[in-house]
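**Student:** This is the structure, below, for whatever I ask next.
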Amino acid sequence: MKLINKATRSFLIACLMASIAGGVLCYFILKKILAEEDTERLYIQKNKLEDFVKTNGKLPENDLPFLDRFWVYPTKNYKPVELKDTVLRTNPHHDGLEIKQIAFCVKTADGYYQIKIRKALYESEDLIEALLAAFAGLMVLLVGMLLFANYRLSRSIWKPFYQSLDLLQTFKITQKEALVFEKSNILEFQTLQKNLFSLTEQVRREYQSLKSFTENASHEFQTPLAVIGSNLELLLQDNNLVESQMQQIASLIESLGKLSKLNQTLLLLTKIENRQFETAKSINLSEALFEKLNLLDVWIQHKNLVLESYISPNISIQINEYLLDVLLNNLLGNAIKYNLIGGKINIELNERNLIIKNTGNPLTMPTEQLFERFQKDSSASDSLGLGLALVKQICDTYSFRLSYVFENGWHILSVVF
Amino acid sequence: MKILLIEDEKALAITIQKFLLDESYVCEWVSNLPDAEDKIGVYEYDCVLVDIMLPNGSGLSIVEQLKKQQSSAGIIIISAKNALDDKIKGLDLGADDYLTKPFHLTELNSRVKSVLRRRQFGGNREIIFGEIKILPDSKEVWVGTKNIILTRKEYDLLMYFVANSNRVLPKSSISEHLYGDEIDQSDTFDFLYSHIKNLRKKLIEASCPDYIQTLYGVGYKFSLT
């Protein structure tokens, strides 16, 4: 719910309640005032009539001006003044008419007469209706004004808030510049902006330093690795070495290669995680696949694998070129590496997905751990256990859906674009 | 052939220098930017190997300076920074090649040779090794009067062998040269053997002596004897 709607709703409820309470109160007060007014008028009329009788000694024959209709009843003796509200029924089937009646006695030459002056009361229903209309009108007016004011208010006062929100939405951890908030003269917004600024700055700086740390760390690793490697190689060229020494050195070189590869792969994973490969472009995946298969052909033949591929031509996806290379290397490499001698590979590419199937022994590890770092099958002792973690990371980066199943002796990996 | 090595890591520089000296190159080494600038300002080199990250600045400025001088020297950038930006920038500035640390000395050697070969215009552009004659421009390989048809990988392999003849080549160095560092090296050892077997077969069929010597558990050596 938008802030403005929430505020407006509260206001509306408050208005409604105030209106109802006000209406009820008004009803009673008005009713009381009107009743008093009626009473007063009845007394005035009584006085006028009494004056008339006193002056003329008899009752007026016609209705007097400024006098409501009155009823005359002869009476034998004096009756005290009586004021009452009553209901006058002219017909038992109809609702009675609410009236206020004053009864009093006057003495004429003919004797006593009781006079009753009646005044129809304002009907409660009419009063309620009138009040309802008045208050409804007031409500509509109030709500209209409120909405208008709120709208204006949110446009002007809340503007910096919404701008800050929009700005925050565009914030990327990788961005090189700090966020620049629009100046506001409202203290709360200033505090908000100040805090948001320091928060995003901190996040951004931390990220930058982490980024440079990974790069620097990798650099610091690579140089000593290079020194060790080149010395070992130089040592290997020594003509005085016996065969066993050469084998030892070669094994050192090999292990060093693995260490270096490990370092590079971890760095690559971090870089992908940090979204440092942002330059994605449309790449013809069909061609890239053909090229890669061509490159791996010797390996495929070496293991006597039967390759069947159903690759639709000119399938393009948006991806960083280098990352696609890493992706295909790992997917196809695994399909060959963990295949049986004389096994099969099926590759299928269409607009929606890439499916790579290969025959092989079932995994000895739980499937859900397959895409985690340093998780490797017991049959692959010389693997780094980072290949599929890389694949997963790349797929996540581009929101591709990666899944694996083992079915009837087939490992099936699919990437849904 | 005169080579200038600009590298701040002394231990690495010494091994590179020693290796290149063994290859009968004249190799001079400087460890910082001002020295390097002095050297290239005074002497002519056939090839300059430059590290990007130097104590007093970026090695890329050397590349710029060489290009400004219209030097004919081949330039190979050596860097521990496998940052794509640096690579593209370096090559854009006019460097001939880019090597990421750590690298095999034999790989460096083969790159240096390739750069030098490309820089020698009008010269005799063929490589003779024993009975084998290679024409790098057309990528043709001849044994006597017989033209040997090699696959791309086999040709790369032969070139690598010839560039590093009489050297002990560990398997990892060869497979890295052929397949880059993208595929796990341990995986490529398998079919490296296939490549070598095929190459050897093709050469022997053309009645070329077997120059490829297998060193068990180590790698290979390509030599006349």
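The values are calculated or read from the model by the stated rules, or taken from the named source; none is laboratory data. All figures in this text were calculated on a predicted structure; none of them were measured in a lab. Note that each Cβ is placed from the backbone with ideal geometry, even for glycine, and that neighbours are counted across all protein chains shown. Remember, those area values only see protein heavy atoms, side chains included, never the ligands or the DNA or RNA. Shrake-Rupley method; radii C 1.70, N 1.55, O 1.52, S 1.80 Å.
**Student:** Quote the Stokes-Einstein diffusion coefficient, in whole µm² s⁻¹, for chain A, based on the Kirkwood radius over alpha carbon pairs, a temperature of 37 °C and a viscosity of 0.692 mPa s. Spell out each step's value before the answer.
**Tutor:** Details: Rh = 32.3 Å.
My calculation gives 102 µm²/s for D.
**Student:** Once the cut-off is 25 Å, how many percent of the Cα-Cα pairs in chain B end up in the long-distance tail? Walk me through the numbers before you get to the answer.
**Tutor:** Values: 10944 of 25200 pairs.
Of all Cα-Cα distances in chain B, 43 percent exceed 25 Å.
**Student:** Would you mind checking A:Lys176/A:Lys292; A:Lys337/B:Lys139; A:Lys261/B:Lys201; B:Lys133/B:Lys201; A:Lys84/A:Lys107; B:Lys113/B:Lys153 for any pair whose Cα atoms are more than 24 angstrom apart?
**Tutor:** Among A:Lys176/A:Lys292; A:Lys337/B:Lys139; A:Lys261/B:Lys201; B:Lys133/B:Lys201; A:Lys84/A:Lys107; B:Lys113/B:Lys153, the Cα-Cα distance tops 24 Å for A:Lys176/A:Lys292; A:Lys337/B:Lys139; A:Lys261/B:Lys201.
**Student:** Something else now. Karplus couplings for the range B:5-11 from phi (6.51 cos²θ - 1.76 cosθ + 1.60, θ = phi - 60°), rounded to Hz, Gly and Pro as x?
**Tutor:** 10, 10, 8, 8, 7, 4, 4
**Student:** So what's the angle, to the nearest 10 degrees on a 0 to 90 scale, between helix A:124-156 and the longest Cα principal axis of chain A?
**Tutor:** Approximately 30 degrees, to the nearest 10.
**Student:** Another question about this same structure. Going through the range B:9-102, which GluC sites (Glu not before Pro) have at most 12 other Cβ atoms within 10 Å and a DSSP loop state?
**Tutor:** B:Glu44
**Student:** First compute the accessible area of chain A with a 1.4 Å probe, then give the percent of it belonging to carbon and sulfur atoms.
**Tutor:** On the way: 14180 of 25070 Å².
Its accessible area is 57 percent carbon and sulfur atoms.
**Student:** Taking a ≥ b ≥ c as the square roots of the Cα gyration tensor eigenvalues, with a/c under 1.5 meaning rounded and otherwise prolate when a/b beats b/c, else oblate, which class fits the range A:219-290?
**Tutor:** Numbers: a/c = 3.88, a/b = 2.16, b/c = 1.80.
Judged from the Cα gyration tensor, the range A:219-290 comes out prolate (a/c at least 1.5, a/b above b/c).
**Student:** Additional query: Measuring from the lowest to the highest alpha carbon on each principal axis, how far does the range A:197-343 reach, largest first, in angstroms?
**Tutor:** Taking max minus min along each principal axis of the Cα atoms, the range A:197-343 gives 65, 49, 21 Å.
**Student:** Please average, across the residues of B:98-110, the number of beta carbons from any other chain that are within 10 Å of each residue's own beta carbon, and give a whole number. The partial results should precede the final answer.
**Tutor:** Working: counts 0, 1, 4, 11, 16, 6, 7, 9, 3, 1, 2, 0, 0.
That average works out to 5.
**Student:** Principal axis lengths of the range A:281-416 from Cα atoms, whole Å, largest first?
**Tutor:** 38, 31, 25
**Student:** Given a 1.4 Å probe and heavy atoms of the protein chains only, how would you sort B:Tyr155, A:Tyr151, B:Tyr216, largest accessible area at the top? It would help to have the intermediate numbers written out before the result.
**Tutor:** Numbers: B:Tyr155 20, A:Tyr151 120, B:Tyr216 175 Å².
Largest accessible area first, the list is B:Tyr216, A:Tyr151, B:Tyr155.
**Student:** Report the equivalent ellipsoid semi-axes for the range B:138-225 in whole Å, largest first, defined as the square roots of five times the eigenvalues of the gyration tensor built from alpha carbon atoms. Each step should come with its number before you reach the end.
**Tutor:** Values: eigenvalues 93, 44, 24 Å².
Semi-axes from the Cα gyration tensor: 22, 15, 11 Å.
**Student:** Continuing with this model, one more query. Taking each residue of A:252-259 in turn, how many C-beta atoms of other protein chains fall within 10 Å of its C-beta, and what is the average?
**Tutor:** Working: counts 1, 7, 9, 1, 2, 12, 4, 1.
Mean shielding count: 5.
**Student:** Moving on to the next point. I want to check the label-to-label distance for B:Lys67 and A:Val203. Put each point 7 Å from Cα in the C-beta direction and report it in nm to one decimal.
**Tutor:** Distance between the two pseudo-spin positions: 3.9 nm.
**Student:** Right, another one. Taking R0 as 45 Å, what FRET efficiency do you get between A:Arg155 and A:Phe28 from their Cβ-Cβ distance, rounded to the nearest 0.05? Numbers along the way, then the final one.
**Tutor:** Numbers: r = 42 Å, r/R0 = 0.93.
According to the calculation, E is roughly 0.60.
**Student:** Suppose R0 equals 22 Å; then what is the FRET efficiency for A:Asn314 and A:Glu407 from their Cβ-Cβ distance, rounded to the nearest 0.05?
**Tutor:** Computed FRET efficiency for A:Asn314 and A:Glu407: 0.15.
**Student:** Amide H to amide H under 5 Å from B:Met53: which residues, 5+ apart in sequence or cross-chain, H placed 1.01 Å off N in plane?
**Tutor:** Amide H neighbours of B:Met53, under 5 Å, 5+ apart: B:Gly59, B:Ala80.
**Student:** Sticking with this structure for a sec: Counting heavy atoms of the protein chains only and a 1.4 Å probe, report the per residue accessible area for chain B as a whole number of Å². Mind dumping the intermediate values first?
**Tutor:** Values: 9770 Å² over 225 residues.
Counting only protein heavy atoms, the per-residue value for chain B is 43 Å².
**Student:** When the Debye formula is applied to the Cα atoms of the range B:2-119, each taken as the same point scatterer, what base-10 log of I(q)/I(0) results at q = 0.16 Å⁻¹?
**Tutor:** -0.65
**Student:** Tell me, what ³J(HN,Hα) does each residue in the range A:20-29 have, in order and in whole Hz, if you take phi through Karplus 6.51 cos²θ - 1.76 cosθ + 1.60 with θ = phi - 60° and put x for Gly and Pro?
**Tutor:** Once θ is set to phi - 60°, the couplings for the range A:20-29 become 5, 4, x, x, 4, 4, 4, 4, 5, 5 Hz.
**Student:** Where in the range A:1-17 is the amide nitrogen less than 12 Å from a point lying 7 Å along the Cα-to-Cβ axis of A:Ile186?
**Tutor:** In the range A:1-17, the label zone of A:Ile186 (backbone N under 12 Å from the point 7 Å along Cα→Cβ) covers A:3-4.
**Student:** For the full complex of protein chains and a 1.4 angstrom probe, list B:Val115, B:Val26 by accessible area with the highest value first.
**Tutor:** Ranked from most to least accessible, the order is B:Val26, B:Val115.
**Student:** On average, how many beta carbons from a partner chain sit within 10 Å of the beta carbon of a residue in A:230-241? Don't jump to the answer; show the numbers that get you there.
**Tutor:** Values: counts 14, 6, 4, 13, 7, 2, 10, 11, 1, 2, 0, 2.
Mean shielding by partner chains, rounded to a whole number: 6.
**Student:** Further question: So what's the convex hull volume per residue for the Cα atoms of the range A:1-64, in Å³? Please report the intermediate quantities before stating the final value.
**Tutor:** On the way: hull volume 5.7 nm³, N = 64.
In the range A:1-64, the Cα convex hull volume per residue is 89 Å³.
**Student:** Which loop-located chymotrypsin sites (Phe, Trp or Tyr not before Pro) does the range A:1-98 contain, where loop means any DSSP state but H, G, I, E or B and the Cβ has at most 10 other Cβ atoms within 10 Å? Write out the running numbers ahead of the final one.
**Tutor:** Numbers: sites: A:Phe11, A:Tyr27, A:Phe28, A:Tyr43, A:Phe52, A:Phe66, A:Phe70, A:Trp71, A:Tyr78; in loops: A:Phe66, A:Tyr78.
Those that pass, being in a loop and sparsely packed, are A:Phe66.
**Student:** What is the calculated FRET efficiency for A:Thr108 to A:Glu36, with r their C-beta to C-beta distance and R₀ = 22 Å, to the nearest 0.05?
**Tutor:** Working: r = 30 Å, r/R0 = 1.38.
The value I calculate is 0.15.
**Student:** Moving on to the next point. Could you pull the Cα extents of the range A:3-147 along its three principal axes, largest to smallest, in whole Å?
**Tutor:** Dimensions of the range A:3-147 along the principal axes of its Cα atoms: 81, 36, 24 Å.
**Student:** What does the C-alpha gyration tensor say about the overall shape of the range A:257-314? Classify as rounded when a/c is under 1.5, otherwise prolate if a/b is larger than b/c, or oblate.
**Tutor:** Working: a/c = 3.77, a/b = 1.34, b/c = 2.82.
Taking the square roots of the gyration eigenvalues as a ≥ b ≥ c, the range A:257-314 is oblate.
**Student:** For the range B:127-222, what is the relative contact order in percent, using Cα pairs closer than 8 Å and at least 6 residues apart in sequence?
**Tutor:** Details: 105 pairs, mean separation 28.7, N = 96.
This gives 30 percent for the range B:127-222.
**Student:** Hey, rough spin-label estimate for A:Asp377 and B:Asn198, points 7 angstrom out along Cα→Cβ, what's it come to in nanometres?
**Tutor:** About 2.6 nm separates the two model spin labels.
**Student:** How many nm is it between the label spots at A:Leu262 and A:Glu278, if each spot is 7 Å from the Cα in line with the beta carbon?
**Tutor:** Each label point lies 7 Å from its Cα, and together they span 3.3 nm.
**Student:** Do any trypsin sites (Lys or Arg not before Pro) in the range A:80-181 lie in a DSSP loop with no more than 14 other beta carbon atoms within 10 Å, and if so, which?
**Tutor:** Working: sites: A:Lys84, A:Arg89, A:Lys100, A:Lys107, A:Lys116, A:Arg118, A:Lys119, A:Arg152, A:Arg155, A:Lys172, A:Lys176; in loops: A:Arg89, A:Lys172, A:Lys176.
For trypsin sites (Lys or Arg not before Pro) across the range A:80-181 that sit outside H, G, I, E and B with at most 14 neighbouring Cβ atoms in 10 Å, the list reads A:Arg89, A:Lys172, A:Lys176.
**Student:** Quote the relative contact order of chain A in percent (integer), defining contacts as alpha-carbon pairs under 8 Å separated by 6+ residues. Present the calculation step by step, with values, prior to reporting the outcome.
**Tutor:** Details: 464 pairs, mean separation 36.1, N = 417.
Reported as a whole number, the value is 9 percent.
**Student:** Shifting gears a bit: Taking both sides together, what accessible area is buried at the B/A interface, probe 1.4 Å, expressed in Å² and rounded to the nearest 100?
**Tutor:** On the way: alone 11500 and 26930 Å², together 34840 Å².
Roughly 3600 Å².
**Student:** Put A:Ile355, B:Ile3 in order of accessible area, largest first, 1.4 Å probe: what do you get? Walk me through the numbers before you get to the answer.
**Tutor:** Values: A:Ile355 35, B:Ile3 0 Å².
The most accessible residue leads, giving A:Ile355, B:Ile3.
**Student:** Which residues' amide hydrogens lie under 5 Å from the amide hydrogen of A:Tyr112, considering only partners 5 or more residues apart or on another chain, with H built in the peptide plane?
**Tutor:** When sequence neighbours closer than 5 places are left aside, the close amide H contacts are A:Thr75.
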